[in-house]
Amino acid sequence: MKTTYREAMRAAIRDALQRDERVFLMGEDVGAYGGCFAVSLGLFEEFGPERIRDTPLSESGFVGAGIGAALGGMRPIVEIMTVNFSLLALDQLVNNAATLLHMSGGQFNVPLVIRMTTGAGRQLGAQHSHSLEGWYAHIPGLRILTPATLEDARGMLWTALEDPDPVLIFEHGTLYNVAGDLADDAGPVDISTAAVRRPGKDISLITYGGTLPAVLDAATQLAAEGIDAEVLDLRVLRPLDDAAVLGSVARTHRAVVVDEGWRSGSISAELSARITENAFFDLDAPVGRVCSAEVPLPYAKHLELAALPTAERIAAAAREAVGARG
Amino acid sequence: MSGTAARGSGSSDSDHTRHLLHQMLRVRRLEEQCVELYSAAKIRGFLHVYIGEEAVAAGVMSTLAPDDAVVATYREHGHALLRGVSAGAILAEMYGYVEGCCRGRGGSMHLFDAATRFYGGNAIVAGGLPLAVGLALADKMSGRSRVTACFFGEGAVAEGEFHESLNLAALWQLPVLFCCENNLYAMGTALARSESQTDIALKAASYEIASWSADGMDVLAVEEAARRAVDAVRSGGGPHFLELRTYRFRAHSMFDPERYREKTEVSRWMERDPINTLRKALEDAGQLTEKDWKKIQQDVDAEVKAAVEFAEAGTLEPVEELTRFVYSERRPQ
Ligand SMILES: Cc1ncc(C[n+]2csc(CCOP(=O)(O)OP(=O)(O)O)c2C)c(N)n1
Ligand SMILES: [Mg+2]
């Protein structure tokens, strides 16, 4: 079946609404408008205003209401327009969703799913382009998903809804229009493991979400030069699939982490640290990183591009790592 | 006995009023015990007591049904107790013992109890309001006629979450009872120094929420206001808002030197002590004998004593269990 990432996501939401009457979608402009990125287009007409629930502009209020509704037995899907706006709901996410189970000594779990758009590449400037999923991956109690493929766009949501704890799904804005083939019977997928998207033996390129296409491009370029890169899609930023990361590095002895977040204090730093801590003697070269330049993302196209990880930069980092033969 | 037992249908008004007196005294003595235990270093962390404000929790709790939900703040020992959490489980929690209502994970500011639908214990000012809205949303979407009572201080009124929550509750006509405990101070900040409009019930009314204030030092007035509101909420009347005018007799927490208010102000309010006032009214009406009062005190003292013994006998959760309850232990697959 030909489809797009956006349509796969929508199919997942529709499927969840049909499967479980406790499920509902709520957020700003998810209903009458059709979703700010048109993910929920048509669902308002199909399921009505109770289950496709438009909210006022009150991120903290409706995220908190999602937590409360989850505590009250519902299975809410809360959509936040972009990760930048989720900062207005940080209190609810960090102080309530992530803590209630622990503070209550195991009495109150929060089966809530929150979806939001992340990332740059669309000239939206510094208040709509940031990649803050790495921040959220810092928080114990949250599960952080970054679907990068059609299969994951279609399959992660249902598994997330079955999860007893809060799950945040980050959808990179440049992926919505990605088109491809999806199996007609595509369904739920696991939300705990990383996936090898391209096997290789010379170097591990470790990434997630919006940078997966650029990393795959880089791997193709490198193959033409005789460098056989393995591409590992993390899929889940918390908890990290350490075994997959270390297993890949054990095979290739080299690693470059590609992360659209800023380098300082990032998930790429975490990965680099874990590889160094646990696989130091497997390494033939220092762990490399390709991240966004440390600026608020600029509007001008050439500047935005200059700030982001591109296939060229990724390939260059890989060549450097391979060149540094131990 | 818990406050949720409310008024038995056969009991007379004076029985019920004596019951409320008893409930307030339970809170008072438990709080006094907490202060003592804090001074003895048995309890640590932040401790906020409810002394002076007992009529608010006692009056509201007595109008709730067992399957209603309660959301409260960090000043919630009394709410938990009157909701039906045992004094022993509350004290053991403050001791940090596994026998505590949250296995020692929460402490004084984070009491939770699934059995009585007590959803905390929230130490972020106004952080509980959105949760209450969501609990009520779940009830409304599921066609249940339960009420969610949400307690918060007047300090919360300045927070964005207060306004977002009132708007959502009114917009969606959710079964929430907002109970603002207006004790005139947020730590050291007097209401008039933090709000351009100090009539809080009026503020709430601007969201098209039925809203009124009641004398929070008079448990019967609180109960009457709450009963009217709870009945309306339960029968589909949408959210209601009560501003309960009260006063805290003690410091904000154990670390507060109280530089911001006059001793005379405190003593003026203490003349309106909700327990003494009700006791006197009952005595004057010939509805409380010396013997009755003695009995109430003895019962409360025995309850608190037993709670301390329970807490003292508590045990520490093994450190190996430190990272439990970060994620649920029962997962699908
Ligand atoms: C969001 C937030 N800001 C600041 C604090 C610190 N703080 C704790 S209690 C308090 C005063 C709250 O006053 P009020 O809401 O009136 O409740 P009261 O203590 O009087 O019961 C403050 C400022 C906090 N806990 N949460
Ligand atoms: Mg106050």
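Would you call B:Leu171 among the hydrophobic types (A, V, I, L, M, F, W, C), at the interface with another protein chain (Cβ under 9 Å from one of its Cβ atoms) and either surrounded by fewer than 24 Cβ atoms within 10 Å (Cβ to Cβ) or on the phi < 0 side of the Ramachandran plot (or both)?
Yes; evaluated as a whole, the condition is true for this residue.
What are the residue pairs meeting all of these: first residue in the range A:244-257, first residue closer than 12 Å to A:Gly288 by Cβ and outside the structural domain of A:Thr211 (by TED's automatic domain parsing), second residue modelled with pLDDT under 95 and buried (at least 20 other Cβ atoms within 10 Å of the Cβ), Cβ atoms under 9 Å, and 6 or more apart or on different chains? Sorted first by the residue in the range A:244-257, then by its partner, the list stays empty. Of all the criteria given as (1) within 20 Å of the chain's Cα centre (by Cα); (2) more than 16 Å from ligand 2 (Cβ to nearest atom); (3) over 18 Å from B:Val60 (Cβ atoms); (4) among the hydrophobic types (A, V, I, L, M, F, W, C), the one not satisfied by B:Leu168 is (1). Checked against (1) in contact (Cβ under 8 Å) with a residue 60 or more places away in the chain; (2) surrounded by fewer than 22 Cβ atoms within 10 Å (Cβ to Cβ); (3) in contact with an Asp or Glu (Cβ under 9 Å, 6 or more places away or on another chain), B:Ser213 meets all criteria but (1).
Scanning the range A:1-55 for residues that are more than 14 Å from chain B (Cβ to nearest Cβ), surrounded by 14 or more Cβ atoms within 10 Å (Cβ to Cβ) and not hydrophobic (A, V, I, L, M, F, W, C) turns up A:Thr3, A:Thr4, A:Tyr5, A:Arg6, A:Glu7, A:Arg10, A:Arg14, A:Asp15, A:Asp29, A:Gly34, A:Gly35, A:Ser40. Taken over the range B:248-280, the criterion of being over 23 Å from the mean Cα position of the chain (by Cα), surrounded by 10 or more Cβ atoms within 10 Å (Cβ to Cβ) and touching a residue at least 40 places away in the same chain (Cβ under 8 Å) is satisfied by B:Tyr260, B:Arg261.
Across the range A:121-137, the qualifying residues are those that are crowded, with 22+ Cβ neighbours inside 10 Å and touching a strand residue (DSSP E or B) at 6+ places or on another chain (Cβ under 7 Å), and the one among them that is nearest to A:Asn84 (Cα to Cα) is A:Ser131.
Among the residues examined, A:Gly61 does not qualify as at the interface with another protein chain (Cβ under 8 Å from one of its Cβ atoms) and in contact with a strand residue (DSSP E or B) (Cβ under 8 Å, 6 or more places away or on another chain). Screening B:Met187 against (1) within 16 Å of ligand 2 (Cβ to nearest atom); (2) closer than 14 Å to B:Glu53 by Cβ leaves a single unmet condition, (2).
Within the set B:Ile124, B:Ile90, the sole residue that is outside any strand (DSSP E or B), at the interface with chain A (Cβ under 7 Å from one of its Cβ atoms) and under 17 Å from the mean Cα position of the chain (by Cα) turns out to be B:Ile124. Here is a check on your reading of the model: is A:Leu124 among the aliphatic types (A, V, I, L, M), under 21 Å from the mean Cα position of the chain (by Cα), more than 11 Å from chain B (Cβ to nearest Cβ) and in a helix (DSSP H, G or I)? Criteria not met by A:Leu124.
Among residues of the range B:179-194 that are among the hydrophobic types (A, V, I, L, M, F, W, C), those with a beta-carbon under 9 Å from a residue that is in a strand (DSSP E or B) and within 7 Å of ligand 1 (Cβ to nearest atom) at least six positions away or on a different chain give the pairs B:Cys179/B:Phe152; B:Cys180/B:Phe152; B:Cys180/B:Gly153; B:Ala186/B:Gly153; B:Leu191/B:Tyr185. In the range B:48-82, the residue that is farthest from ligand 1 (Cβ to nearest atom) out of those that are charged (D, E, K, R) and within 14 Å of chain A (Cβ to nearest Cβ) is B:Asp67.
The values are calculated or read from the model by the stated rules, or taken from the named source; none is laboratory data. Since the structure is predicted, the reported quantities are computational estimates derived from the model, not experimental observations. When we count neighbours, we look across all protein chains shown, and the Cβ atoms used for this are built from the backbone with ideal geometry, even at glycine.
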